[in-house]
Amino acid sequence: MQKDIKNMPITKHLIAPSVLAADFAKLYDDIQMINNSEADWFHIDIMDGVFVPNISFGFPVMQAIAKYATKPLDVHLMIVDPDRYLKNCKDSGASMITVHYEACTHLHRTLAAIKELGCKAGVALNPHTPVSLLADVIRDIDLVLVMSVNPGFGGQKFIERTYDKVKALRALAAGVNDSLLIEIDGGVTLQNAASLLQAGANVLVAGSFVFNAADSMETIKKLKAVDYTLRSV
């Protein structure tokens, strides 16, 4: 069942644990952990082994997650030709669908198609892709996902240039799309969370940092408690 986030007020930064880092042998337990935690979304990475050098779970697993999830599914499509799978994605439980700028020939059309399905529309940028390329569509985007590692694998080192990209993105959206969500994916920890929020981010994806922790729920709680008043939005 699709979880509605259309009217969700963003009064504090959001935490979206990345299910890719969960223990698939006990996935139900990890889903319940996220349900019971202070996390806001489930972050779901769909990979095809072509756009990125890895293959993750597909729509049947996503449907199984959606069956038990009590929070919205934030779906990140790391695939070529994502337009072919937008309806499958929505029908599998997505509330938010994010496609890569680098994978879309007609990005404006893709964003419109996502919104026609009733989902929020996001655009992901690889580390080498400049924020300025979104200038012509920034008003049409609900969320920009800034990749702070090279996409495809978890547990990578955070790319420090990310802070400048977030600041540039927030400046680009100023006065045009002030409600834009800026999501950071890759290497997010308690050591860099406050700086990311200060730069202008308001959604943090955390995978290995959450699921490899001795107490995942407590780690999520600490990420949620990071002082968001530092943000210069």
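The values are calculated or read from the model by the stated rules, or taken from the named source; none is laboratory data. Just so we're clear, the structure is a prediction, and the values are computed from it rather than from any experiment. Cβ coordinates were reconstructed from backbone atoms using ideal geometry, including for glycine residues, and neighbour counts include every protein chain displayed.
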query: Of all residues in the stretch 34-52 being of a type outside the set (A, V, I, L, M, F, W, C) and either surrounded by 14 or more Cβ atoms within 10 Å (Cβ to Cβ) or more than 18 Å from the chain's Cα centre (by Cα) (or both), which is farthest from VAL146 (Cα to Cα)?
result: ASN36
message: Please go through the stretch 167-187 and give me each residue that is over 16 Å from ALA135 (Cβ atoms) and either hydroxyl-bearing (Ser, Thr, Tyr) or touching a strand residue (DSSP E or B) at 6+ places or on another chain (Cβ under 7 Å) (or both), ordered by number.
response: SER179, LEU181, GLU183, ILE184, ASP185, GLY186
query: Considering the stretch 130-184 alone, what residues qualify as being of a type in the set (Gly, Ala, Ser) and touching a Ser or Thr at 6+ places or on another chain (Cβ under 7 Å)?
result: SER148, GLY154, GLY155
message: Here are the criteria: (1) of a type outside the set (S, T, N, Q); (2) crowded, with 20+ Cβ neighbours inside 10 Å; (3) touching a strand residue (DSSP E or B) at 6+ places or on another chain (Cβ under 6 Å). Tell me which single one ILE55 does not satisfy.
response: (2)
query: In the set VAL203, VAL166, VAL149, which member is within 15 Å of ALA16 (Cβ to Cβ), crowded, with 17+ Cβ neighbours inside 10 Å and among the β-branched types (Val, Ile, Thr)?
result: VAL203
query: Pick from the stretch 25-48 the residues that are in contact with a Lys or Arg (Cβ under 9 Å, 6 or more places away or on another chain) and among the charged types (D, E, K, R): which of them is farthest from ILE79 (Cα to Cα)?
result: GLU38
task: Of all residues in the stretch 83-110, count the ones that are within 17 Å of HIS43 (Cα to Cα), free of Cβ contacts under 8 Å to residues at least 40 places away in the same chain and under 18 Å from the mean Cα position of the chain (by Cα).
output: 4
- line: Here the residues within the stretch 7-33 that are in contact (Cβ under 8 Å) with a residue 40 or more places away in the chain and crowded, with 16+ Cβ neighbours inside 10 Å are HIS13, LEU14, ILE15, ALA16, PRO17, SER18, VAL19, LEU20, ALA21, ALA22, ASP30, MET33
message: Just to be sure before I move on: is VAL131 more than 14 Å from the chain's Cα centre (by Cα), surrounded by 14 or more Cβ atoms within 10 Å (Cβ to Cβ) and either among the aromatic types (Phe, Trp, Tyr) or under 22 Å from CYS104 (Cβ atoms) (or both) in the structure I sent?
response: yes
field: Candidates ALA124, ALA113, filtered to the one that is out of contact with any helix residue (DSSP H, G or I) (no Cβ under 6 Å at 6 or more places or on another chain), of a type in the set (Gly, Ala, Ser) and either touching a residue at least 40 places away in the same chain (Cβ under 8 Å) or surrounded by fewer than 21 Cβ atoms within 10 Å (Cβ to Cβ) (or both)
entry: ALA124
field: Condition broken by SER208, with the remaining ones in (1) over 22 Å from ILE44 (Cβ atoms); (2) surrounded by 15 or more Cβ atoms within 10 Å (Cβ to Cβ); (3) not hydrophobic (A, V, I, L, M, F, W, C) satisfied
entry: (1)
- request: Given the conditions (1) at pLDDT below 95; (2) surrounded by 21 or more Cβ atoms within 10 Å (Cβ to Cβ); (3) over 22 Å from ASN202 (Cβ atoms), report the number of the one that PRO82 does not fulfil.
  value: (1)
